[in-house]
Amino acid sequence: MKKLPTQRKRLLRSFYQRPADEVARDLLGMVLLRRIDQTWIGGSIVETEAYLAMNDPSSHSYRGKTKSNASMFGPAGTLYVYPIHGKFCMNAVTERKGVGSAVLIRAIEPVWGISQMQSKRGYEDLRRLTRGPAMLCQALSVDRQLDSIDLTRYPALTICEPDDAELDDGQLAQQFPSIEIAVSPRIGISRAVDEPLRFFVRGNCYVSGRKKDHL
């Protein structure tokens, strides 16, 4: 019998209790999973962006804590979900409670529950399922109802190490054998646009943005 996804090796809180740029880099290759109607869907993280607590005018925490961004100031490992143009973006909170730093998960390579993600997105093309933060949240049914959950404990959404992740046919998912991590300025922002705080798997077709920018 296939091992239940809830038995996967979740990332511990200590993983997130570090500066956002370190966590953003180390999240590449980890497995993001969402359980919907007893089915696990998700894939491998291939693109992230770090948003810092100090001197980062593009961070939602820059002007301080508000009702809207309160979860960004929560304990490390908290999920911060915010709305954008009628859709949503998901972030893993880093460092420690009260700091206000997080990592935006921009894209995953879809592996599990692809048909479910295709249905939720309304597209068959795999490259149009999860290559962008809003697309990703729509594909995984992530919205503000999940804002402030604990990624280290919540039963239906988690990030885990890839070494014990099973594919649908019962075979073990293969870790990226030797991923090449690339770094660039963040995209889709208007302030602090030159900071090298975007991390992605070079050459992966599920990374968002123009193809020539991530080869």
Accessible area per residue, Å², the range 1-135 with all protein chains present, probe 1.4 Å = 46
Relative pair counts by distance (%), Cα atoms of the range 4-81, 5 Å bins | 3, 13, 19, 24, 18, 13, 7, 3, 0
Which of Met72, Met54, Met90 fluctuates most in a GNM of the chain (C-alpha springs under 10 Å)? That residue is Met54
Within the chain: Cβ-based charge dipole about Cα centre, in debye rounded to nearest 20 (Lys, Arg +1; Asp, Glu -1) = 540
Pop the C-beta distance of Ala156 and Arg25 into the FRET formula with R0 = 25 Å and round what comes out to the nearest 0.05.
-> 0.40
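Just subtract the alpha-carbon distance of Lys87 and Met54 from 0.36 nm times their residue separation and send over the number in nm, one decimal. Spell out each step's value before the answer.
On the way: separation 33, 0.36 × 33 = 11.88 nm, distance 2.69 nm.
My answer for the length gained is 9.2 nm.
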Overall form of the range 100-169 per C-alpha gyration tensor (a/c, 1.5; a/b vs b/c) = oblate
Could you work out which residue, out of Thr39, Thr78, Thr158, moves most in a Gaussian network model of the chain, that is, has the largest mean-square fluctuation with Cα springs under 10 Å?
-> Thr39
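Taking the Kirkwood radius as the inverse of the mean 1/r across Cα pairs, report the Rg/Rh of the chain. Walk me through the intermediate numbers first.
Values: Rg = 16.0 Å, Rh = 17.1 Å.
On the Cα set of the chain, Rg over Rh gives 0.94.
Per 0.36 nm of contour for each residue apart, how much would the distance between Ser190 and Ile36 grow if the chain were fully extended, relative to their Cα-Cα spacing?
Details: separation 154, 0.36 × 154 = 55.44 nm, distance 3.52 nm.
Stretched fully, the Ser190-Ile36 segment lengthens by 51.9 nm.
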Mind checking which of Pro19, Pro196, Pro162 has the largest fluctuation in a GNM of the chain, springs on alpha carbons under 10 Å?
-> Pro196
Counting pairs of alpha carbon atoms under 8 Å apart in space and at least six apart in sequence, what relative contact order in percent does the chain give?
-> 25
Under the Karplus curve 6.51 cos²θ - 1.76 cosθ + 1.60, θ = phi - 60°, whole-Hz ³J(HN,Hα) for the range 198-207, x wherever Gly or Pro sits | 9, 10, 8, 7, 4, x, 7, 6, 9, 5
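Sort 184-191, 26-33 for me by packing, meaning the mean count of neighbouring Cβ atoms within 10 Å per residue, highest on top. Write out the running numbers ahead of the final one.
Working: 184-191: 14.4, 26-33: 21.6.
Going by the mean number of other Cβ atoms within 10 Å, highest first, we get 26-33, 184-191.
Report the gain in length on full extension from Arg63 to Leu12: 0.36 nm times residue separation, minus Cα-Cα distance, nm rounded to one decimal. Display every interim value, and only then the final one.
Values: separation 51, 0.36 × 51 = 18.36 nm, distance 2.90 nm.
The span from Arg63 to Leu12 would gain 15.5 nm if fully extended.
Using the Kirkwood radius built from alpha carbon pairs, what does the Stokes-Einstein equation give as D for the range 29-70 at 25 °C and 0.890 mPa s, in µm² per second? Write out the running numbers ahead of the final one.
Values: Rh = 13.1 Å.
So the translational diffusion coefficient is about 187 µm²/s.
The values are calculated or read from the model by the stated rules, or taken from the named source; none is laboratory data. Computed from a predicted model, the values in this text were never measured in an experiment. So basically every Cβ, Gly included, is an ideal-geometry build from the backbone, and we count neighbours across all protein chains shown. We work out accessible area using only protein heavy atoms, side chains counted, and drop any ligands, DNA or RNA first. Shrake-Rupley method; radii C 1.70, N 1.55, O 1.52, S 1.80 Å.
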